[in-house]
Amino acid sequence: MSHLEEREEKICLNCNAEIFGRYCHVCGQENLPPKESFWHLLTHFVYDVTHFDGKFFSTLKYLLFRPGFLATEYLRGRRASYLHPIRMYVFASAIFFVVFFSFIVKPEEVGEVVAEQGRNTFKEAKVALQDSIRLAKDSVKRSGFIDAYSAIENISATKEDGDSTGGNPKVWPNKKATDKPDTLKAKEKGWNFRLYKDALPRTVPEYDSIQKSLPDSLRDGVFKRLVKKRSIKIQEKYHGDDAAFGKSFTEKFLHTIPQMMFVSLPFVALILQLLYIRRRKQYFYVNHVIFIIYLYITTFVSMLVYFGLAALSHATKFAPFDWLNTVVTIYIFIYGLLAMHNFYKQGYVKSFFKYFLLLFICLFLSVLLVSIFFFTSLMSV
């Protein structure tokens, strides 16, 4: 409650209702003079912030040390004394992902690592195949190694020697010096890319034109057509540079993690509703949502503590920080079980069984969501 000067008139400026007290009982607006000084504006801001902070830390105390308590309080209608779960989720997740993407996992650095690993992988594979080709005495094996080398050339599309075909491979025995490298032959037929390994036209209109010229039985299906068109667009955008594409895609995909977490909320709540279907008259769907929101907030806060201890351990080489991190890890795992036991008021055996069943189903849900967001990132990169 603020300590700013109250208006003498007891008519609400917002809805014209008669006011009994400091706040309007109809719309909730505080009865303050419409003309306020900068000092009043500043003090009002300070009161709001300290009020938020006070609620946040008191709510956080109950959240961390009394599993399931806040969800139970919300179910009983006792909500004014605590920060609203949605506001708390937004605040906690924002802080968590700012720290996560700024200090723990930097998408641009991860993308560069992925790109570099891709380059090194192809280089090492090509060097190994070159050695195999030189040492192979059997002409059949040598031919197989040469084909494998050419395939890697087509996939990698690197520019090690400044050649647009991905390098200038040597002419191996049983190959004429006048023969064009397999990579160049593939380029003449169309571009290659990992999304789709067959040779593709250079542009989408060219691909559409080819499809229209084919009989219906030979045309690509909807999904195949979508993938091929996306492959062509990626080739046009990145000019066959898989390393640049890998870096861009990795950054794009990592930035979808917050969305993935938020989207998973209603699905996890639905799983809980099914697990407690026999108590559906006591616990509605929204109650499960609130429970999961508090569980996610606890995970965010616990992970921040974990990252902080890990940073201190790395900086100081002090072993107790590692021990504390082990305690935090165990705490995160046990917290969910205690929260379910306290909120749903069932015995530890039933809660234990349902908790592990929830984790097992959530594992498959995570795989599904990662696959969906992986594909959407691929389609939008």
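Throughout, read-outs are computed from the coordinates displayed, never taken from laboratory work. Bear in mind the structure is a predicted one, so any value in this text is a computation, not a measurement. So basically every Cβ, Gly included, is an ideal-geometry build from the backbone, and we count neighbours across all protein chains shown.
Computed over neighbours whose Cβ is under 14 Å from that of ALA310, the net charge equals 0, Lys and Arg +1, Asp and Glu -1.
What translational D, rounded to a whole number of µm²/s, comes out for segment 191-340 from Stokes-Einstein when the hydrodynamic radius is the Kirkwood one over Cα pairs, at 20 °C and 1.002 mPa s? Stokes-Einstein gives a translational diffusion coefficient of 105 µm²/s.
Among the listed pairs LYS61/LYS350; LYS212/LYS252; LYS252/LYS317, give every one whose C-alpha distance is greater than 31 Å.
Values: LYS61/LYS350 27 Å; LYS212/LYS252 34 Å; LYS252/LYS317 34 Å.
The pairs that break the limit, which is 31 Å between Cα atoms, are LYS212/LYS252; LYS252/LYS317.
Binning the alpha carbon pair distances of segment 260-367 at 5 angstrom intervals from zero yields the distribution 2, 11, 19, 21, 17, 11, 8, 6, 3, 1, 0, expressed in whole percent. A cut-off under 10 angstrom between Cβ atoms defines the neighbours of GLU73, and their net charge, with Lys, Arg +1 and Asp, Glu -1, is +4.
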